[in-house]
Amino acid sequence: MDTETQVKLAVYRHFAETGRRPEPGAVASRAGVSVDRVLEAYQGLRAQRLLALESDGASIRMAPPFSGVETQHRVEAGSVSYFANCAWDALGIPAALQVPGVVHSRCEQSREPLVLDVGLGGPAPSGWLFHCLVPAAKWWDDIVFT
Amino acid sequence: MVFFRSEDLARTWCASHGVPLRPLVRLDQLWALATTWYSTRLEEHSRRPKPQEMRGIFAGLGLEGEFWDPRSDRFG
(Lines give C-alpha, C1' and ligand atoms only; values in the text may rest on other atoms or scores of the structure.)
Protein backbone atom coordinates (compact mmCIF):
# COMPACT_ATOMS: atom_id res chain seq x y z
CA MET A 1 0.00 0.00 0.00
CA ASP A 2 1.46 3.40 -0.91
CA THR A 3 1.94 6.19 1.63
CA GLU A 4 -0.93 8.28 0.31
CA THR A 5 -3.35 5.40 0.79
CA GLN A 6 -1.99 4.67 4.27
CA VAL A 7 -2.49 8.32 5.22
CA LYS A 8 -5.98 8.41 3.71
CA LEU A 9 -7.05 5.38 5.70
CA ALA A 10 -5.48 6.75 8.89
CA VAL A 11 -7.34 10.04 8.50
CA TYR A 12 -10.69 8.51 7.65
CA ARG A 13 -10.52 5.83 10.32
CA HIS A 14 -9.67 8.45 12.94
CA PHE A 15 -12.73 10.47 11.91
CA ALA A 16 -14.90 7.35 11.93
CA GLU A 17 -13.77 6.34 15.41
CA THR A 18 -13.76 9.74 17.10
CA GLY A 19 -15.86 12.14 15.03
CA ARG A 20 -12.99 14.63 15.18
CA ARG A 21 -10.11 15.53 12.89
CA PRO A 22 -6.73 14.00 13.63
CA GLU A 23 -3.55 15.99 14.13
CA PRO A 24 -0.73 15.19 11.68
CA GLY A 25 1.24 13.47 14.45
CA ALA A 26 -1.62 11.09 15.16
CA VAL A 27 -1.94 10.30 11.45
CA ALA A 28 1.81 9.71 11.25
CA SER A 29 1.70 7.28 14.17
CA ARG A 30 -1.24 5.40 12.77
CA ALA A 31 0.14 5.21 9.23
CA GLY A 32 3.67 4.43 10.37
CA VAL A 33 5.25 7.30 8.45
CA SER A 34 6.83 10.66 9.33
CA VAL A 35 4.84 13.85 9.77
CA ASP A 36 6.59 15.27 6.70
CA ARG A 37 5.31 12.34 4.64
CA VAL A 38 1.82 12.88 6.05
CA LEU A 39 1.82 16.52 4.98
CA GLU A 40 3.10 15.55 1.55
CA ALA A 41 0.35 12.94 1.24
CA TYR A 42 -2.24 15.56 2.26
CA GLN A 43 -1.42 17.50 -0.91
CA GLY A 44 -2.05 14.45 -3.06
CA LEU A 45 -5.30 13.69 -1.26
CA ARG A 46 -6.38 17.28 -1.69
CA ALA A 47 -5.80 16.96 -5.44
CA GLN A 48 -8.02 13.86 -5.43
CA ARG A 49 -10.73 15.85 -3.64
CA LEU A 50 -10.49 13.57 -0.62
CA LEU A 51 -9.29 16.32 1.74
CA ALA A 52 -9.72 20.05 2.09
CA LEU A 53 -7.08 21.70 4.23
CA GLU A 54 -6.92 24.85 6.30
CA SER A 55 -4.46 27.53 5.13
CA ASP A 56 -1.71 26.04 7.30
CA GLY A 57 -1.68 22.98 5.05
CA ALA A 58 -1.72 20.72 8.11
CA SER A 59 -5.18 21.04 9.65
CA ILE A 60 -7.99 19.11 8.00
CA ARG A 61 -11.07 21.18 7.27
CA MET A 62 -12.88 18.41 5.42
CA ALA A 63 -12.39 14.73 4.78
CA PRO A 64 -15.73 14.38 3.03
CA PRO A 65 -18.25 13.49 4.36
CA PHE A 66 -16.60 14.33 7.70
CA SER A 67 -16.02 17.91 8.79
CA GLY A 68 -13.00 18.93 10.84
CA VAL A 69 -14.94 21.83 12.34
CA GLU A 70 -18.37 22.24 13.92
CA THR A 71 -21.23 22.82 11.48
CA GLN A 72 -25.02 23.00 11.53
CA HIS A 73 -25.20 19.40 10.29
CA ARG A 74 -24.60 16.90 13.08
CA VAL A 75 -24.90 13.12 12.85
CA GLU A 76 -25.22 10.66 15.72
CA ALA A 77 -24.16 7.13 14.86
CA GLY A 78 -23.29 4.44 17.37
CA SER A 79 -21.94 6.30 20.36
CA VAL A 80 -20.13 8.93 18.29
CA SER A 81 -21.20 12.43 17.26
CA TYR A 82 -19.98 13.74 13.91
CA PHE A 83 -20.17 17.01 12.02
CA ALA A 84 -20.90 16.90 8.28
CA ASN A 85 -19.78 19.51 5.78
CA CYS A 86 -23.21 19.99 4.27
CA ALA A 87 -26.64 18.42 3.87
CA TRP A 88 -25.34 15.91 1.30
CA ASP A 89 -22.55 14.84 3.63
CA ALA A 90 -24.98 14.54 6.55
CA LEU A 91 -26.44 11.54 4.74
CA GLY A 92 -22.95 10.61 3.61
CA ILE A 93 -21.77 9.85 7.13
CA PRO A 94 -24.18 6.95 7.79
CA ALA A 95 -23.46 5.82 4.21
CA ALA A 96 -19.70 5.82 4.82
CA LEU A 97 -19.95 4.16 8.22
CA GLN A 98 -22.60 1.72 6.97
CA VAL A 99 -24.50 2.03 10.21
CA PRO A 100 -27.84 3.66 11.07
CA GLY A 101 -27.67 7.23 12.29
CA VAL A 102 -29.69 10.30 13.16
CA VAL A 103 -29.13 13.54 11.27
CA HIS A 104 -29.70 16.79 13.16
CA SER A 105 -29.92 19.84 10.94
CA ARG A 106 -32.40 22.60 10.10
CA CYS A 107 -34.44 24.32 7.42
CA GLU A 108 -32.23 27.12 6.16
CA GLN A 109 -35.18 29.52 5.85
CA SER A 110 -37.46 28.76 8.81
CA ARG A 111 -34.76 27.31 11.09
CA GLU A 112 -37.15 24.48 11.92
CA PRO A 113 -35.04 21.63 13.26
CA LEU A 114 -34.63 18.53 11.14
CA VAL A 115 -34.22 15.23 12.98
CA LEU A 116 -33.93 12.50 10.40
CA ASP A 117 -33.53 8.81 11.11
CA VAL A 118 -31.28 7.19 8.54
CA GLY A 119 -31.32 3.40 8.37
CA LEU A 120 -29.12 1.09 6.38
CA GLY A 121 -31.52 1.52 3.47
CA GLY A 122 -31.72 5.29 3.68
CA PRO A 123 -33.74 7.98 5.40
CA ALA A 124 -37.30 7.55 6.58
CA PRO A 125 -39.88 8.94 4.11
CA SER A 126 -39.77 12.72 4.31
CA GLY A 127 -40.89 15.78 2.39
CA TRP A 128 -37.74 17.71 3.22
CA LEU A 129 -35.67 18.87 0.26
CA PHE A 130 -32.00 19.40 -0.56
CA HIS A 131 -30.80 22.54 -2.32
CA CYS A 132 -27.39 23.31 -3.74
CA LEU A 133 -26.69 26.85 -4.84
CA VAL A 134 -23.46 26.19 -6.75
CA PRO A 135 -23.47 24.38 -10.12
CA ALA A 136 -21.63 21.05 -10.17
CA ALA A 137 -18.85 22.41 -12.36
CA LYS A 138 -17.94 24.94 -9.65
CA TRP A 139 -18.24 22.88 -6.48
CA TRP A 140 -14.51 22.67 -5.81
CA ASP A 141 -13.73 26.26 -6.83
CA ASP A 142 -14.58 27.04 -3.19
CA ILE A 143 -15.65 23.81 -1.54
CA VAL A 144 -16.15 25.40 1.87
CA PHE A 145 -18.70 27.83 0.40
CA THR A 146 -20.33 25.06 -1.65
CA MET B 1 -25.74 22.58 0.35
CA VAL B 2 -28.63 22.84 2.80
CA PHE B 3 -32.03 21.46 3.70
CA PHE B 4 -35.41 23.12 3.28
CA ARG B 5 -38.73 22.03 4.76
CA SER B 6 -40.59 22.84 1.52
CA GLU B 7 -40.17 24.31 -1.95
CA ASP B 8 -41.91 27.50 -0.82
CA LEU B 9 -39.37 28.00 1.95
CA ALA B 10 -36.54 27.38 -0.50
CA ARG B 11 -38.02 29.98 -2.86
CA THR B 12 -38.33 32.49 -0.02
CA TRP B 13 -34.72 31.96 1.04
CA CYS B 14 -33.40 32.31 -2.50
CA ALA B 15 -35.43 35.47 -3.12
CA SER B 16 -34.28 37.05 0.13
CA HIS B 17 -30.65 36.32 -0.76
CA GLY B 18 -30.97 37.42 -4.39
CA VAL B 19 -29.90 34.03 -5.73
CA PRO B 20 -31.61 31.67 -8.18
CA LEU B 21 -33.61 28.69 -7.02
CA ARG B 22 -31.71 25.61 -8.14
CA PRO B 23 -33.19 22.17 -8.82
CA LEU B 24 -34.52 20.73 -5.58
CA VAL B 25 -33.52 17.19 -4.69
CA ARG B 26 -35.67 14.71 -2.75
CA LEU B 27 -34.11 12.90 0.19
CA ASP B 28 -34.33 9.53 -1.54
CA GLN B 29 -32.31 11.01 -4.40
CA LEU B 30 -29.87 12.55 -1.92
CA TRP B 31 -29.42 9.16 -0.24
CA ALA B 32 -28.54 7.66 -3.62
CA LEU B 33 -25.92 10.38 -4.10
CA ALA B 34 -24.58 9.91 -0.58
CA THR B 35 -24.18 6.16 -0.94
CA THR B 36 -22.63 6.46 -4.40
CA TRP B 37 -20.09 8.99 -3.17
CA TYR B 38 -19.32 7.61 0.25
CA SER B 39 -20.25 3.96 0.84
CA THR B 40 -16.66 2.82 0.15
CA ARG B 41 -14.91 5.90 1.53
CA LEU B 42 -13.32 4.04 4.44
CA GLU B 43 -11.87 1.38 2.16
CA GLU B 44 -8.40 1.19 0.64
CA HIS B 45 -9.38 1.67 -3.00
CA SER B 46 -12.09 4.28 -2.53
CA ARG B 47 -12.09 7.42 -4.65
CA ARG B 48 -14.39 10.23 -5.59
CA PRO B 49 -16.35 9.73 -8.83
CA LYS B 50 -14.73 11.36 -11.83
CA PRO B 51 -16.67 13.94 -13.89
CA GLN B 52 -17.75 11.48 -16.57
CA GLU B 53 -19.00 9.09 -13.90
CA MET B 54 -20.76 11.94 -12.10
CA ARG B 55 -22.72 12.72 -15.27
CA GLY B 56 -24.03 9.16 -15.40
CA ILE B 57 -24.88 9.12 -11.70
CA PHE B 58 -26.81 12.38 -11.90
CA ALA B 59 -28.63 11.35 -15.07
CA GLY B 60 -29.64 8.05 -13.46
CA LEU B 61 -31.40 10.03 -10.75
CA GLY B 62 -33.08 12.38 -13.19
CA LEU B 63 -30.68 15.20 -12.31
CA GLU B 64 -29.83 16.56 -15.73
CA GLY B 65 -29.14 19.85 -17.43
CA GLU B 66 -26.47 22.53 -17.20
CA PHE B 67 -26.58 22.78 -13.40
CA TRP B 68 -25.57 19.15 -12.90
CA ASP B 69 -22.90 19.07 -15.61
CA PRO B 70 -19.48 18.79 -13.92
CA ARG B 71 -17.64 19.44 -17.21
CA SER B 72 -15.04 21.81 -15.75
CA ASP B 73 -14.75 20.13 -12.38
CA ARG B 74 -11.20 19.06 -13.13
CA PHE B 75 -9.03 17.20 -10.68
CA GLY B 76 -5.69 18.49 -9.40
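The values are calculated or read from the model by the stated rules, or taken from the named source; none is laboratory data. These figures come from a predicted structure and were not determined experimentally. We place every Cβ from the backbone using ideal geometry, glycine too, and count neighbours over all the protein chains shown.
What number of residues within segment A:120-132 are touching a strand residue (DSSP E or B) at 6+ places or on another chain (Cβ under 9 Å) and part of a strand (DSSP E or B)?
Result for segment A:120-132: 4.
So A:P135 fits all but one of (1) more than 29 Å from B:P51 (Cα to Cα); (2) out of contact with any Leu (no Cβ under 9 Å at 6 or more places or on another chain); (3) modelled with pLDDT under 95; what number is the exception?
A:P135 satisfies all of (1) more than 29 Å from B:P51 (Cα to Cα); (2) out of contact with any Leu (no Cβ under 9 Å at 6 or more places or on another chain); (3) modelled with pLDDT under 95 except (1).
Looking at (1) surrounded by fewer than 15 Cβ atoms within 10 Å (Cβ to Cβ); (2) not in a strand (DSSP E or B), which is the only condition A:T146 fails?
(1)
So which residues in segment A:121-146 are within 22 Å of A:R106 (Cα to Cα), more than 7 Å from chain B (Cβ to nearest Cβ) and not small (G, A, S)?
Selection gives A:P125, A:V134, A:I143, A:V144, A:F145.
For the subset of segment A:21-46 comprising residues that are more than 21 Å from the chain's Cα centre (by Cα) and hydrophobic (A, V, I, L, M, F, W, C), which member is surrounded by the most Cβ atoms within 10 Å (Cβ to Cβ)?
A:V33
Can you run down the residue pairs with Cβ atoms below 6 Å, 6 or more apart or on separate chains, where the first is in segment A:75-93 and free of Cβ contacts under 8 Å to residues at least 60 places away in the same chain and within 13 Å of chain B (Cβ to nearest Cβ) and the partner is in a strand (DSSP E or B) and of a type in the set (F, W, Y)?
A:V75/A:Y82; A:A87/A:F130; A:A87/B:F3; A:I93/A:Y82
Matching residues to (1) facing chain A (nearest Cβ under 7 Å); (2) part of a helix (DSSP H, G or I):
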| site | (1), (2) |
| --- | --- |
| B:T36 | no, yes |
| B:T40 | no, no |
| B:E44 | yes, no |
| B:R55 | no, yes |
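Out of A:W128, A:W140, report the one residue that is buried (at least 16 other Cβ atoms within 10 Å of the Cβ) and either closer than 24 Å to B:R47 by Cα or among the aliphatic types (A, V, I, L, M) (or both).
A:W140
Can you pull out every residue in segment A:35-48 that is touching a residue at least 24 places away in the same chain (Cβ under 8 Å) and aliphatic (A, V, I, L, M)?
Residues satisfying the conditions are A:V38, A:A41, A:L45.
Where residues in segment A:49-64 are in contact (Cβ under 8 Å) with a residue 60 or more places away in the chain and not hydrophobic (A, V, I, L, M, F, W, C), which of them is farthest from B:W37 (Cα to Cα)?
A:R61
If we keep just the residues of segment B:7-34 that are part of a loop (DSSP other than H, G, I, E, B) and facing another protein chain (nearest Cβ under 7 Å), which is surrounded by the fewest Cβ atoms within 10 Å (Cβ to Cβ)?
Per the criteria, the residue is B:V19.
Filter segment A:5-19 down to the residues that are more than 8 Å from chain B (Cβ to nearest Cβ), surrounded by fewer than 19 Cβ atoms within 10 Å (Cβ to Cβ) and of a type outside the set (S, T, N, Q) and list them by number.
A:E17
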